[in-house]
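Inspection log for the structure reproduced underneath, given as C-alpha cells.
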Amino acid sequence: MRILIVGAGGQLGRALRRRALGRADLARGHGVVACGRGEMDVTDLGVRDAIAAAEPDVVINAAAMTDVDGCERDPDEAFRVNALGARNVALGAALAGADLVHISTDFVFDGGKGDAYWEFDRTAPISVYGASKLAGEEWVGRVHDRVYIARTAWLYGIGGRNFVTRILDLAAERPSLEVVDNEVGNPTFCDDLADAVLALVHTRAYGICHLVNEGACSRHAFARAILDLAGRPDYPIHPVDHYPRLARAPSYAPLRNFAAAQAGVRLPPWQDGLARYFERQALVADG
C-alpha cells in the first residue's frame, strides 16, 4: 500500500509519517510519501495533478489552517485552506483512484447538546474555523466517493506547539495559572490518532467517524494532569469560566467514537495517551 500524507509538516502529519514508517507491513510495501506545504500547497489547483502523479493507494489530508483565532481574523484564508484546499486534495485522490482520509474537528459542533456527540448528530459551527472545516467535509463528499472523514479534538504531538507545551511553558514562567473548567473535550495524542487512521484505511468503512482518545475532561483537568505528569503536583491551577479569545469554542463537545469502533478501530484512554506522550517526548529530548 502506497500512502501519501499531505500536510506532513504539522504535528499530526509528522506523527502519521513516523508511525507509518514504523509499521513493518508498510515498510515492506510501496511505502510512505510525506509532503509538506512546500511540496504540495493544497490551495493550488495544481495539487490535484501532483497527487495523481504520485500514484498513491491512500491519501491522508492532514493539511489545515488550525489557528482558530487566525481564522476569525482572515476568513478568506480559512476557507481557502480548509474548504477549497480540502476539495483540491479530494479531486487529486479521485484522479489517482485512491482512497482519502480527511481530518476534521469537533469545532463543527456548537457544544450545546449536553452530551457526547455521535457521528450522526447535527452540525452547527460557531466559529469561522468550524464553519470552514465543515465546508471542507461537504466539498470532499461531493467530489469523491471513497472518503473517510475523521473528526478529532484537542490534538497534541511530539515536537509540536500545543496545549501541553503551552501549559508547561506558562507554568515555568508564572507562580500560578488560571484555566477554564467549562470547556470539555477529548485530549488526543497524535501518535494514537495516527495509529487509528492507519488502521481505518484497511476497513473500507467509508464515511464520517470520530477518532479521539477515550474519555473526556475539562481544560482545567487536562492542565492538572499535564503538570502532575511533569512532576509538579503542587503547582496551583485555578479554575475560571472565561478565557479571552477571538474565536468561540464549543463549550461541551466530547466526541463519541461509535462508527469506527464498529469496524474495530478504537483509541486508548486519554490519560494513557498523555503518559506515553511524556515518555516519548523524553526519549526525543535525550536524543
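Bear in mind that the values in this text are calculations on the coordinates, not laboratory data. Given the structure is predicted, the values throughout are model-derived calculations rather than measurements. So basically every Cβ, Gly included, is an ideal-geometry build from the backbone, and we count neighbours across all protein chains shown.
Please give the residues of region 199-222, grouped as numeric ranges, whose backbone N is less than 17 Å from a label point set 7 Å along the Cα-to-Cβ vector of residue 261. Under cut-off, by backbone N: 200, 208-217.
Averaging over all projection directions, the Cα-based convex hull of region 170-279 occupies 8.0 nm² in the image plane.
Run the Debye formula on the Cα coordinates of the chain, all scatterers equal and no solvent, and tell me log10 I(q)/I(0) at q = 0.07, 0.13, 0.16 1/Å. Log-scaled intensity ratios, in q order: -0.24, -0.87, -1.32.
For the residues 210, 102, 238, a GNM of the chain with alpha-carbon springs under 10 Å puts the largest fluctuation on 238. Over the C-alpha trace of region 1-130, radius of gyration and Dmax come out as 15.8, 47 angstrom.
Note on region 56-120: Rg/Rh from Cα positions, Kirkwood definition for Rh, rounded to two decimals, is 1.05.
Tally the DSSP beta bridges in the chain and give the antiparallel ones as a percent, rounded to 5.
Of those bridges, close to 5 percent are antiparallel.
A Gaussian network model of the chain, with springs between Cα atoms under 10 Å, assigns the largest mean-square fluctuation among 276, 14, 256 to 276.
Using all pairs of distinct alpha-carbon atoms, the Kirkwood hydrodynamic radius of region 197-241 works out to 13.6 angstrom.
Each DSSP beta bridge with both residues in region 1-139 is either parallel or antiparallel, and the antiparallel ones are about 0%. Across all directions, the average projected area of the convex hull around the alpha carbons of region 149-198 is 4.5 nm². Remark: spin-label model distance residue 145-residue 229 equals 4.3 nm, labels positioned 7 Å along the Cα→Cβ axis. The phi torsions of region 31-40, fed into the Karplus equation with coefficients 6.51, -1.76 and 1.60 and a -60° offset, translate into couplings of x, 10, 10, 10, 10, x, 4, x, 8, 9 Hz, rounded to whole numbers, with Gly and Pro shown as x. So how tilted is helix 11-21 from the main axis of the chain? Cα-based, degrees 0 to 90, rounded to 10. In the chain, helix 11-21 runs at an angle near 60 degrees to the longest axis. GNM on the chain, alpha-carbon springs under 10 angstrom: the most fluctuating residue among 125, 244, 187 is 244. Quick one: putting +1 on the C-beta of Lys and Arg, -1 on the C-beta of Asp and Glu, what dipole do you get for the chain around its Cα centre, in Debye to the nearest 20? My answer is approximately 480 debye. On a per residue basis, the convex hull of the C-alpha atoms belonging to region 105-148 measures out at 71 Å³. If you take the alpha carbon atoms of region 111-220 and fit the smallest convex hull around them, that volume is 133 Å³ per residue.
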